[in-house]
Amino acid sequence: MHSFDFQPIGIIHSCYTEKFGIPRQSGLVTAAPVTLELYAPYDRPEALMELRGFSHVWVIFVFHQAMRDEWKPTVRPPRLGGNQRIGVFASRSPFRPNPIGLSAVMLEDIQCDNGHCQLRLRGGDFLDGTPVLDIKPYLPYADALPDACGGFAAQPPHNEMTVVFNELATAQCARWEQAQYPGLRSLIEQVLQADPRPAYRVGRKDKQSFGMRLYDLDVKWVVCGSRIEVTALSLKA
Ligand code: SAM
């Protein structure tokens, strides 16, 4: 049986500096800006000619933080509560025989500077530093299948948490937004509305405290029922 040796063509720079908090699919958090830095020689403008004509692209990438020596035929997807096992090929789990990811994302801009190009994307579900294997244009006539059946994942995950910021977090977020991270508040709101908690923590009635990392910030938040309160933002310790 042949094996193949693929070289990354680029790398993802995203706000998700740890896995906790990354949305479970692309398109769920559109406030997340992503830069796809292309490596030479793939970063030449001619390699991207006509790509601007597409609003979305497929990004094929490596789940580089999910590398395992062996694969398992079943996984327990978070959206089924984390207990029910299904076949790995019926899932979009990162833990697969070949840890390859596939995400359709918005192509916001192509920036070329001195003959080196990078892509500005939106709506990714990529960990910062994710290696990219390929980019392809999204072809609505071929890729959009509105009559397709979505199995156990027919609808987007229904979480819809209410997200509020306390006074301290409001002031801290405004300062970071001003200084370095435009759109930070809507990013935090969208990430938390998607409820990143592990399945076994969802639905509990007691008040729970969490911390997640976005960029180089620690974001602290508490959950009570379907209400999330952001309580503090600080530089990563
Ligand atoms: N849309 C892609 C797909 O269908 O192949 C990814 C779906 S997968 C469920 C999305 C999750 O992969 C994210 O929530 C995050 O936990 C994880 N992830 C993202 N980038 C990763 C990386 N570079 N290494 C390992 N896990 C990663």
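The values are calculated or read from the model by the stated rules, or taken from the named source; none is laboratory data. Everything quoted here is computed from the prediction, not taken from an experiment. Because the Cβ atoms are built from the backbone with ideal geometry, glycine has one as well, and the counts that use them run over all protein chains shown.
Against the condition surrounded by fewer than 18 Cβ atoms within 10 Å (Cβ to Cβ), in contact (Cβ under 8 Å) with a residue 60 or more places away in the chain and away from the ligand (no atom under 12 Å from the Cβ), how does residue 165 come out, does it pass?
no
Which of (1) closer than 26 Å to residue 91 by Cα; (2) in contact with a Gly (Cβ under 8 Å, 6 or more places away or on another chain); (3) surrounded by 13 or more Cβ atoms within 10 Å (Cβ to Cβ); (4) outside the structural domain of residue 36 (by TED's automatic domain parsing) does residue 221 not meet, given it meets every other one?
If we test residue 221 against (1) closer than 26 Å to residue 91 by Cα; (2) in contact with a Gly (Cβ under 8 Å, 6 or more places away or on another chain); (3) surrounded by 13 or more Cβ atoms within 10 Å (Cβ to Cβ); (4) outside the structural domain of residue 36 (by TED's automatic domain parsing), just (1) comes out false.
What is the residue count in the range 65-85 for residues that are near the ligand (Cβ under 9 Å from one of its atoms) and closer than 26 Å to residue 143 by Cα? Can you show your working first?
Initial filter on the range 65-85 (near the ligand (Cβ under 9 Å from one of its atoms)): 65-67, 77-78.
Cutting the leftovers down to closer than 26 Å to residue 143 by Cα gives us 77-78.
Number satisfying all stated conditions: 2.
Would you confirm whether any residue within the range 125-135 is under 25 Å from residue 235 (Cα atoms), buried (at least 17 other Cβ atoms within 10 Å of the Cβ) and not assigned by TED's automatic domain parsing to the domain that holds residue 110?
no
Within the range 222-235, restricting attention to residues that are in contact (Cβ under 8 Å) with a residue 40 or more places away in the chain and in contact with an Asp or Glu (Cβ under 9 Å, 6 or more places away or on another chain), which residue is farthest from residue 17 (Cα to Cα)?
226
Scan the range 143-164 for residues that are hydrophobic (A, V, I, L, M, F, W, C) and under 17 Å from residue 106 (Cα atoms) and jot them down.
Correct list: 144 only.
Of everything in the range 1-33, what is within 11 Å of the ligand (Cβ to nearest atom) and assigned to a strand (DSSP E or B)? Give them in sequence order.
11, 12, 14 - these are the residues of the range 1-33 that are within 11 Å of the ligand (Cβ to nearest atom) and assigned to a strand (DSSP E or B).
Return the only residue of 125, 134, 147, 109 being under 14 Å from the mean Cα position of the chain (by Cα) and at pLDDT 95 or above.
Of 125, 134, 147, 109, the one residue that is under 14 Å from the mean Cα position of the chain (by Cα) and at pLDDT 95 or above is 125.
Working carefully through the options 227, 213, 185, 204, find the one that is in contact with a strand residue (DSSP E or B) (Cβ under 9 Å, 6 or more places away or on another chain) and more than 22 Å from residue 78 (Cβ to Cβ). Working first, answer last.
Numbers: 227 fails: more than 22 Å from residue 78 (Cβ to Cβ); 213 fails: more than 22 Å from residue 78 (Cβ to Cβ); 204 fails: more than 22 Å from residue 78 (Cβ to Cβ).
The conditions single out 185.
Conditions tested, residue by residue: (1) more than 23 Å from residue 194 (Cα to Cα); (2) in contact with a helix residue (DSSP H, G or I) (Cβ under 6 Å, 6 or more places away or on another chain); (3) aromatic (Phe, Trp, Tyr).
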site	(1), (2), (3)
11	yes, no, no
17	no, no, no
29	no, yes, no
39	yes, no, yes
47	yes, no, no
55	yes, no, no
64	yes, no, no
85	no, no, no
89	yes, no, yes
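Please specify each residue of the range 86-104 satisfying the condition of being in contact (Cβ under 8 Å) with a residue 60 or more places away in the chain and within 9 Å of the ligand (Cβ to nearest atom). Step through it out loud before you land on a result.
The initial filter retains those residues of the range 86-104 that are in contact (Cβ under 8 Å) with a residue 60 or more places away in the chain, namely 86, 90, 92, 103-104.
Within the range 86-104, 92, 103, 104 qualify.
Answer with yes or no whether residue 130 is β-branched (Val, Ile, Thr) and either away from the ligand (no atom under 16 Å from the Cβ) or free of Cβ contacts under 8 Å to residues at least 24 places away in the same chain (or both). Steps first, answer last, please.
On the way: β-branched (Val, Ile, Thr): yes; either away from the ligand (no atom under 16 Å from the Cβ) or free of Cβ contacts under 8 Å to residues at least 24 places away in the same chain (or both): no.
In short, no.
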